[in-house]
1. From the list A:238, A:225, pick out the single residue that is within 29 Å of residue B:63 (Cα to Cα), surrounded by fewer than 24 Cβ atoms within 10 Å (Cβ to Cβ) and touching a Lys or Arg at 6+ places or on another chain (Cβ under 8 Å).
2. Please find, among A:335, A:323, the residue that is under 26 Å from residue A:60 (Cβ atoms), crowded, with 21+ Cβ neighbours inside 10 Å, small (Gly, Ala, Ser) and not assigned by TED's automatic domain parsing to the domain that holds residue A:275.
3. From the list B:129, B:144, B:138, B:157, exactly one residue is over 21 Å from residue B:94 (Cβ atoms) and of a type in the set (Val, Ile, Thr). Which is it?
4. Considering only region A:273-284, state which residues are more than 15 Å from residue A:393 (Cβ to Cβ) and either in a loop (DSSP other than H, G, I, E, B) or aromatic (Phe, Trp, Tyr) (or both).
5. Filter region A:272-296 for residues that are at the interface with chain B (Cβ under 9 Å from one of its Cβ atoms) and touching a Gly at 6+ places or on another chain (Cβ under 6 Å); which is nearest to residue A:250 (Cα to Cα)?
6. Which of (1) surrounded by 21 or more Cβ atoms within 10 Å (Cβ to Cβ); (2) touching a Pro at 6+ places or on another chain (Cβ under 9 Å) is the odd one out, the single condition residue A:140 does not satisfy?
7. Condition check: more than 10 Å from every other protein chain (Cβ to nearest Cβ) and in contact with a Lys or Arg (Cβ under 9 Å, 6 or more places away or on another chain). Does residue B:287 satisfy that?
Amino acid sequence: MTFIKTWAFATLAVAALAGTSAAQAAETKGGVTDDIGVLAIPKGAPIQFGGYWVMSGADSALGIDAKRGVEIAFKDHGGMLLGHPLKLNVEDDLCNAEGGQTAATKLAANPNTAIVLGSACSSAATPAAPILWKAGISDIGTADTAPSLTAPDRKPEYDGFMRTCYSDIDQGAADSKYLYDVLKARKVVTIHDGSPYAQQLALVMADNFKKMGGTVLSVEAVAPTDVDMHPVLTRIATEKPDVIYAPIFVAAGAQLLRQSKEIPGLEKVPLIGSSGQMAPDMIEAARASIVGYRITYPDLSPEAMGKGYPKFVEDYKKAYGEAPISGYHANAYDAAELAMKGIEKVAKTDASGTTYIGRKALRDALRATTFEGVSGPIKCDAYGECAQFKPAVYEFTNGDPKTYKIGDNPKKIWP
Amino acid sequence: MRRPNPEDAPAGRTWIPRLSSLARFTFVDVILWALRIGVVFVVVGGTIGTLLKGRYDAAQWFDFLVFGLTIGSVYALIALGYTMVYGVLRLINFAHGDIMMTGAFAGYYVASEFAEDGLLDRSPVLAMVVILTAAVAVSTTIAVLTERIAYRPFRHVRGFAPLICAIGVSFFLEQTFRGALGASIRAYPDPKWQHAMIKVFGFGVPRVEALVVVAAIVSMIVLYLVVQRTRMGTAMRAVSEDTDAAAMMGIDVNKVVVFTFALGGIMAGIAGVCYAFVFKQVYFFMGFTPGIKAFGAAVLGGIGSVPGAMLGGFFLGLVESIGPALFLDGIGITAPYQLRDLIAFTLLIMVLIFRPYGILGERMAKKRA
């Protein structure tokens, strides 16, 4: 009997806990009522934005570029919003799940975090977005493109997540078209590194490739820290593919690229990478072997971007003394822009100068906001997908990292 | 009278359970035996399956062998540092992988300088000797400094403090290099002569890989001779048998410890350059994974045993390279190389179940007991 009682009690306790975490109690502050909570910002206090990107390691260009995009957006607003200064608290998510979890926990622990921007890596956003939403904080992704994050069947704990970058469903479809129609490949091997981004992109590409009539010989995997790719490449050589598709990150990607040229049977087989490798570090890590290497990427030429993009690039160069170092600065700018527009819509300031922001109202307002961003039109669907995708293929032309400039090295070769 | 020692049980105690002990066959034994049979099944069944399929030709098997020997010799060189320090101090020097990283970085700056002015192509032998010297000098200096500053104050502390200190040193070295030199990946130069193929048993092997294997084997032989044939080596062995007795016999233990760290540092420097010329990339965190694997190799060979570390390193490298293709392809597992570390470490555990002191560790362990 006690046994049953204990169990019943435990079940109830778990149910109660689950209930509180899924929907926090409604709250009223300064005349603003919200289902999951209200943030009050006293007069003169900053509106705090959280940010989490990869700020160190081989993939740091991705994160630093995004952070700069947000900083420029703040600057364009004069650093102020509704009479409060804007503040960006950045955490390094290391582009992995553990880092994302730590970063989100830190940002969620700050009761004054109004909204969070990031990540640049799906691996980090996958554990982070639920932690943030549990604290009632909306999260706008800037370069985390894994399809699952905005899939119609995503779990309710992702309800607070949206992104101003495309989904890899579109990237994967475009990539399969490039491999099949342009490279005339019929047999492909894919390689992923176990990250949600690479795994899902490789899967979507393979599915589309099969639908077009191609054959996927095998789905290989390496670890992001692997250095010896010779054995796996030797295995791939026995399958005689027309092309190898490896949408992975810089360190392992550069090893694959360099070592694939040393394997008998693979000397002439093109290796195609993707957006995780658009960084000067990729050239630094691969050096001479990078010449002729192609990666698929969103189209960053001015005609494919929003109207404000050329001015944005000028501002970027002026502020940081170099051309954009990765490809998702415009998405990050638009994420910040979207966040500010959403806050402006729902925030109420009382006579004492205190601003109140309803957390659920903010999420709803963000989803309903549409505008012409510097990366293109921003308009969210019901699952938080707010951007459109325009595909392109870039080819590296020089093995000197100093020559890195998106558009020249690597230069756009398709469409 | 001497108490009976369970270690003195008849040989073969772990191999086949005697009938009289069947009654005491516990749940854990059943699991362990199931595990052993499972692994044997995968290894034998997979091997037969793979060979029947005939997916790989002789040249490809030979390539797997060479790749395994190459990475294995790097593991072996690093493992030597772990094993010698453990033998002398009973300390697991977790920073050892990072000491290899410092050597690789030092070599990188010299190598890129040489690549720029063409020396690396004009006179490869001279260039490689200078690169190696620079790497060894830096890694040895750092290894010795680490001992002096971080480990010596803890030498007589019992418990986990020295181990935690070693982990701290590892973080310190990583973050110092990251702070000073940046977090980005750098690539070692790639001179043409390293790619030239040489013929071994009728198969082509890139010169750089042959060079790494030969360099590793030569340095290990030299190290073995130093440990076995010199006065200092004898002192090292004496300290590792019994520190107090060695001190009473007039051996300067401090000197021996410094010498041990210096030897480990030299091997790490050579390993760093070998690693970086094959895998090209150097960055602040590069020492971590090979360090952990080399530690596994040292344990596998029998920690404290110099030939054991070499054997363990080569074993781990070969299993990583050949294992997935040989064992897993045959039983139809897709993407076998994803499971590379799993296979390597499962076999490591298996060896340790059969031989708890490692491949060559038992003799020494018994003597000390």
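The values are calculated or read from the model by the stated rules, or taken from the named source; none is laboratory data. What you see is a predicted model, and the numbers here were worked out from it, not measured in a lab. All Cβ positions, even for glycine, are placed from backbone atoms using ideal geometry, and neighbour counts span all protein chains on display.
1. Numbers: A:225 fails: touching a Lys or Arg at 6+ places or on another chain (Cβ under 8 Å).
Result of the check over A:238, A:225: A:238.
2. Values: A:323 fails: crowded, with 21+ Cβ neighbours inside 10 Å.
After ruling out the rest, the residue left standing is A:335.
3. When all the criteria are applied, what remains is B:129.
4. Matches in region A:273-284: A:279 only.
5. Among those residues, the one meeting the criterion is A:287.
6. Condition (2) is where residue A:140 drops out.
7. Details: more than 10 Å from every other protein chain (Cβ to nearest Cβ): yes; in contact with a Lys or Arg (Cβ under 9 Å, 6 or more places away or on another chain): no.
No: the conditions fail for residue B:287.
Let's see how each residue does on (1) crowded, with 23+ Cβ neighbours inside 10 Å; (2) touching a helix residue (DSSP H, G or I) at 6+ places or on another chain (Cβ under 8 Å); (3) not acidic (Asp, Glu):
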{"position": "A:252", "(1), (2), (3)": "yes, no, yes"}
{"position": "A:261", "(1), (2), (3)": "no, yes, yes"}
{"position": "A:269", "(1), (2), (3)": "no, yes, yes"}
{"position": "A:275", "(1), (2), (3)": "yes, yes, yes"}
{"position": "A:288", "(1), (2), (3)": "no, no, yes"}
{"position": "A:296", "(1), (2), (3)": "yes, yes, yes"}
{"position": "A:299", "(1), (2), (3)": "no, no, no"}
